[in-house]
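Notes follow once the structure below has been shown.
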Amino acid sequence: DTEVTQTPKHLVMGMTNKKSLKCEQHMGHRAMYWYKQKAKKPPELMFVYSYEKLSINESVPSRFSPECPNSSLLNLHLHALQPEDSALYLCASSQAITRDSNEQFFGPGTRLTVL
Amino acid sequence: SQQGEEDPQALSIQEGENATMNCSYKTSINNLQWYRQNSGRGLVHLILIRSNEREKHSGRLRVTLDTSKKSSSLLITASRAADTASYFCATEHPNTGFQKLVFGTGTRLLVSP
């Protein structure tokens, strides 16, 4: 199984809602990533989990809260978002063993709209 | 910002023609990768070239790397309508950890039948 799955595909939420994005992979990868992508822009790294520990936080606002319950799952909890947070949220995974082996496998993304 | 620049921003060609897109980056790298993204979907890894390599091939793809000019090019030969997508270069830098990829601005390729 070389797939990264993400749910939901689409999410519309109000600024006072709490929601979660989910990501799952069964490739035995030990690094998992969250990216944010605005239209016609490149993906921007948000968080990296390595061996289930948060290793990189790219100064993301606290209204985004990542969680890695186990090596196959990655969540992104959303609370009190702003309309400018509307974007495509991409999850990715990689083997994370050495340099020069960091090919990342991406999920299809969750299209988030904040009203 | 370490973000790479890609040119052209958009490229429109006919099926069967070759497509070339270029990527420039700012600081030394461990490797450079190319990804494809179909409209509004996830990215797909195409090819990785290490800093000590100059050229790499994979099927209809040819990637070159010139570390002295801090630039790379991706050539797609005999293009097909299915190649229509956005293409991003992504660089891994020794000073930012191997898990952090810095994506370029992207080239939108349109291949017409």
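For region A:19-115, what does the equivalent ellipsoid look like in terms of its semi-axes, each the square root of 5 times an eigenvalue of the Cα gyration tensor, given largest first in whole Å?
On the way: eigenvalues 99, 40, 28 Å².
Result for region A:19-115: semi-axes of 22, 14, 12 Å.
Could you give me D for region A:1-71, from Stokes-Einstein at 4 °C and 1.567 mPa s, where the hydrodynamic radius is the Kirkwood radius over C-alpha pairs? Units µm² s⁻¹, please. Intermediate values should be presented prior to the final figure.
Details: Rh = 13.7 Å.
Approximately 95 µm²/s, per Stokes-Einstein.
Give me the one-decimal nm value for the distance between modelled label points at B:Lys56 and A:Glu103, 7 Å along each residue's Cα-to-Cβ direction.
Result: 0.9 nm between the two label points.
Calculate the spin-label point distance for B:Ser28 paired with B:Ser68, positioning each point 7 Å from the Cα along the beta-carbon direction, and give it in nanometres.
Taking the two extended label points, one gets 1.7 nm.
I'd like the per residue volume of the convex hull spanned by the Cα atoms of the protein assembly as shown, given in cubic angstrom. Please report the intermediate quantities before stating the final value.
Working: hull volume 27.6 nm³, N = 228.
That works out to 121 Å³ per residue.
So for region A:37-85, what percent of the C-alpha to C-alpha distances run longer than 18 Å?
Working: 422 of 1176 pairs.
The answer is 36 percent, as a whole percent.
Cut-off is 10 Å between beta-carbons; in what order do A:Thr16, B:Thr91 appear when sorted fewest neighbours first? Numbers along the way, then the final one.
On the way: A:Thr16 8, B:Thr91 26.
Fewest-to-most ranking of A:Thr16, B:Thr91: A:Thr16, B:Thr91.
Any idea how far the Cα center of region B:1-56 sits from the one of region A:17-71, in Å?
23 Å
For A:Ser65, put the label point 7 Å out on the Cα→Cβ axis and report which residues of region A:8-25 keep their amide N under 19 Å from it.
Answer for region A:8-25: A:8, A:13-23.
Are there cysteines in chain A with no second cysteine's Cβ under 4.7 Å away, and if so, which?
Cys with no partner Cβ under 4.7 Å: A:Cys68.
Straight distance only, please: which lysines reach the Cα of A:Lys18 with their own Cα at less than 28 Å, same-chain residues fewer than 8 apart left out?
A:Lys9, A:Lys36, A:Lys38, A:Lys40, A:Lys41, A:Lys53
Would you kindly compute the Cα radius of gyration of region B:18-113 and its largest Cα-Cα separation (Dmax), both in Å?
When restricted to the Cα atoms of region B:18-113, Rg and Dmax are 13.1, 44 Å.
Only the coordinates and a few stated rules stand behind these numbers; no lab work does. Small disclaimer: the values here were computed from a predicted structure and weren't measured. For neighbour counting, all protein chains shown are included, and Cβ atoms are generated from backbone atoms with ideal geometry for every residue, glycine included.
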